[in-house]
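A quick write-up on the structure given underneath.
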Amino acid sequence: MDTTRLEAFSDGVFAIAITLLVLEIKVPPPDTALAAELLHLWPSYLAYVVSFLVIGAIWINHHAMFKHIVRVDGTLLLLNLFHLMLIAFLPFPTAVLAEAFHRGTDEPVAAAFYSGILTVIGIFVNAMWRYAAHGYRLISTHLTATKIQKINRQFFVGPTVYAIATVIALVLPWLAVLLYILLNVFYLWPRWGHKTAPSPIDDPTVSRDRNKND
């Protein structure tokens, strides 16, 4: 079967998850100093921006990945479903992270929980791609073996950095948050039109590479 319904369903889940993030930013109570209360919400703003970038980067790479995946089977559908389950869950660890920084307590646990979820999401992204690419099972035959290996390495960066951030979070939670931001800027940067920057997977030179190898 083709990828149309899988991509449409996935886009819907991504859209809902990224929208739910803003619901975790609570309106200040009445009879309070509004300006001070709005400033006090800075952890919620930060958590919102970080998770928005995370979900946006994952969605962009999901879209790019399915430019190469040309058909699906039951196993890929199941892997994608588990992946989306975690995407839909992400507003919760986002809220936990924001609340911990609001209170000024348990920041290491909250940051480790957040990056742990991102690590598992990254593992599922890798599982989907490697399953589809193995032996050209579900991907286009226009991809060269060299390009597939390059994509493998680029996808491996995500869960690796998030796993490292999980450990760092237990000691330096702020450094872990900085790693979340830097990693997703890395994945988003090529999408801003910098043609010389390395793209996570979407490379228009794929067909040219194949022609050279042929």
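The values are calculated or read from the model by the stated rules, or taken from the named source; none is laboratory data. Source: prediction; values computed, not measured. Reconstructed Cβ throughout: ideal geometry from the backbone, glycine too, with neighbour counts over all protein chains shown. Just so you know, the surface numbers come from the protein's heavy atoms only, side chains and all, with ligands and any DNA or RNA stripped out. Shrake-Rupley method; radii C 1.70, N 1.55, O 1.52, S 1.80 Å.
Determine the gain in length on full extension of the stretch HIS63-GLU99; use 0.36 nm per residue of separation and subtract their C-alpha separation, reporting nm with one decimal. Mind showing how you got there, number by number?
Values: separation 36, 0.36 × 36 = 12.96 nm, distance 3.18 nm.
Taking 0.36 nm per residue and subtracting the Cα distance, the gain is 9.8 nm.
Per residue, the accessible area of the chain comes to 52 Å² when a 1.4 Å probe rolls over the protein heavy atoms. Between LEU78 and VAL185, the modelled labels are 4.0 nm apart [label points 7 Å from Cα along Cα→Cβ]. Total lysine pairs in the chain at Cα distances under 27 Å, for residues eight or more apart or on different chains: 9. In this simple spin-label model, placing a label point 7 Å from the Cα along the Cα-to-Cβ direction at both LEU39 and TYR131 gives a separation of 5.0 nm.
Along segment 55-67 the Karplus relation, 6.51 cos²θ - 1.76 cosθ + 1.60 evaluated at θ = phi - 60°, assigns HN-Hα couplings of 5, x, 5, 5, 5, 4, 6, 4, 4, 5, 4, 7, 6 Hz to successive residues, with x for each Gly and Pro. For ILE139, nonlocal amide neighbours, meaning residues 5 or more places apart or on other chains whose placed amide H falls under 5 Å from its own, are VAL70.
Given R0 = 30 Å, the distance between the Cβ atoms of TRP174 and VAL120 translates into a calculated FRET efficiency of 0.85.
To two decimal places, what compactness ratio does the chain give when its Cα radius of gyration is scaled by 2.2 N^0.38 Å?
Values: Rg = 19.0 Å, N = 214, 2.2 N^0.38 = 16.9 Å.
In units of the globular-protein estimate, the chain measures up at 1.12.
Within the listed set THR32, THR141, THR19, the Gaussian network model of the chain (springs between alpha-carbon atoms below 10 Å) gives the highest mean-square fluctuation for THR32. Taking a temperature of 25 °C and a viscosity of 0.890 mPa s, what whole-number D in µm²/s does Stokes-Einstein yield for segment 1-101 with Rh from Kirkwood over alpha carbon pairs? D, rounded to a whole number, is 161 µm²/s.
I'd like the carbon and sulfur percentage of the solvent accessible area for segment 32-113, probe radius 1.4 Å, heavy atoms only, ligands and nucleic acids excluded.
Working: 2790 of 3700 Å².
Of the solvent-accessible surface of segment 32-113, carbon and sulfur hold 75 percent.
Paramagnetic label reach from VAL49 (point 7 Å along Cα→Cβ; backbone nitrogen cut-off under 20 Å): within segment 145-182, residues 173-182. Dipole magnitude for segment 45-175: computed about the Cα centre from +1 point charges on Lys and Arg Cβ and -1 point charges on Asp and Glu Cβ, it is near 660 debye.
A 1.4 Å probe, protein heavy atoms only, puts the accessible area of SER115 near 0 Å². With the chain treated as a Gaussian network of Cα nodes joined by springs under 10 Å, which of ASP73, ASP106, ASP31 yields the largest mean-square fluctuation? Largest GNM mean-square fluctuation: ASP31. Here the scattering of segment 57-145 is modelled by Debye summation over its C-alpha atoms, one equal scatterer each and no solvent; at q = 0.14 Å⁻¹ the log10 of I(q)/I(0) is -0.58. Tell me, what is the 1.4 Å probe accessible area of TRP189, in Å² to the nearest 10? Approximately 100 Å² of TRP189 is accessible to the 1.4 Å probe.
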